[in-house]
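Each value in this text was obtained by applying a stated rule to the coordinates, not by laboratory testing. None of the values given here were measured: they were computed from a predicted structure. Note: ideal-geometry Cβ built from the backbone for every residue, glycine included; neighbour counts use all protein chains shown.
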Amino acid sequence: MSILSYKFMQEALLAGLLAGVACSLIGVFVVTMHLSFIGVSLSHAAFAGALFATWLGFEPLLGAILFSLAGAAAIGPLADRGEFNPDTPIGIIFSITMGLAFLFMGLLPGPKTQALELLWGSILTVTTADLWLLAVVTIIVTGLVVMFFKEIQAVIFHREMARAVGIPADAIFYSILFLTGATVTASLRSIGGLLIFNLILNPAAAAYQLTYSLKYMFFLAALFGVLSCWAGLGVSYILDVPSGAAIVLTSAVIFVLATIFSPKRKVKQWQENE
């Protein structure tokens, strides 16, 4: 337990708390609205933006937030005007940003150390600025979920019906996309561009297995997200393995356990037997 006395570990635990809550709450939207590929797409957009800013000599997070928000802004109109399932424009944005990421990585002079740090992340080296950004994003995401829970619930249930009864469904949908981009950017340095979509998806998917209530799903997802980060940090310290990978694998174990003990799975098996 003496490791907890070190400042870098205290900051890592705080980053895990904030990133676990923010990513998991966004993950509930991703799972319930069938946007599972959005985390992959926007994480690559943020990674490409960070590399672009690094190439130009600017702060990487500035490029990450611009690219991820631009990707989020493009997904909504492409899905609406092109009459596509949202996964189609998400895949298009993913292919473009992945190509840009490889292009900018190739243009970076010298060693690619900073690029690899953004790719894999390092929660043990987060800065005070990273923590403030994570805190702001987490507060905004949590606050909007609490304040507009009924409207969000209606949009998740049926977007067209919500629009018909006067709920600003499009504004809520686009807000979810922008919040996803902001969350991805805020977690980029701590979790990494390659792994962050797992932290968005796995805790929410685990929560989805255990409850039919959207309110409890948000709560369980946040709980599993924080547990994934903290337990992953412990595994990383004990086994001396990369922290980002340990966090993601821990979240995967939680998902597997939730699936095994899922009441939904038991109900489905009972229905099949009948």
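A few comments on the model shown:
- The gain in end-to-end length when the residue 56 to residue 96 segment is fully stretched comes to 12.4 nm, 0.36 nm per residue minus the alpha carbon separation.
- Paramagnetic label zone (point 7 Å from Cα along Cα-to-C-beta, residue 73; backbone N under 12 Å) in segment 169-190: 178
- Prolate/oblate/rounded call for segment 193-257, Cα gyration tensor, a/c under 1.5 rounded: prolate
- Computed extension gain for residue 238 through residue 260, at 0.36 nm per residue and net of the alpha carbon distance, reaches 5.2 nm.
- Principal axis extents of the Cα atoms in segment 145-186, from largest to smallest and rounded to whole angstrom, are 34, 18, 14.
- Taking segment 8-24 and a reference point 7 angstrom along Cα→Cβ of residue 146, the backbone N atoms nearer than 19 Å belong to 17-24.
- Summarising the label geometry, the points placed 7 Å from Cα in the beta-carbon direction at residue 9 and residue 213 lie 3.6 nm from one another.
- Debye-sum result for the chain in log10 I(q)/I(0), which assumes one identical scatterer on each alpha carbon, at q = 0.10, 0.12 Å⁻¹: -0.50, -0.72
- Helix runs (DSSP H) in the chain reaching 18 Å along axis by Cα, Kyte-Doolittle at least 0.0: 7-32, 38-56, 60-81, 87-107, 128-147, 169-191, 196-210, 214-239, 243-260
- Here segment 130-274 is treated as an ellipsoid with the same Cα gyration tensor; its semi-axes, largest first and in whole Å, are 28, 24, 11.
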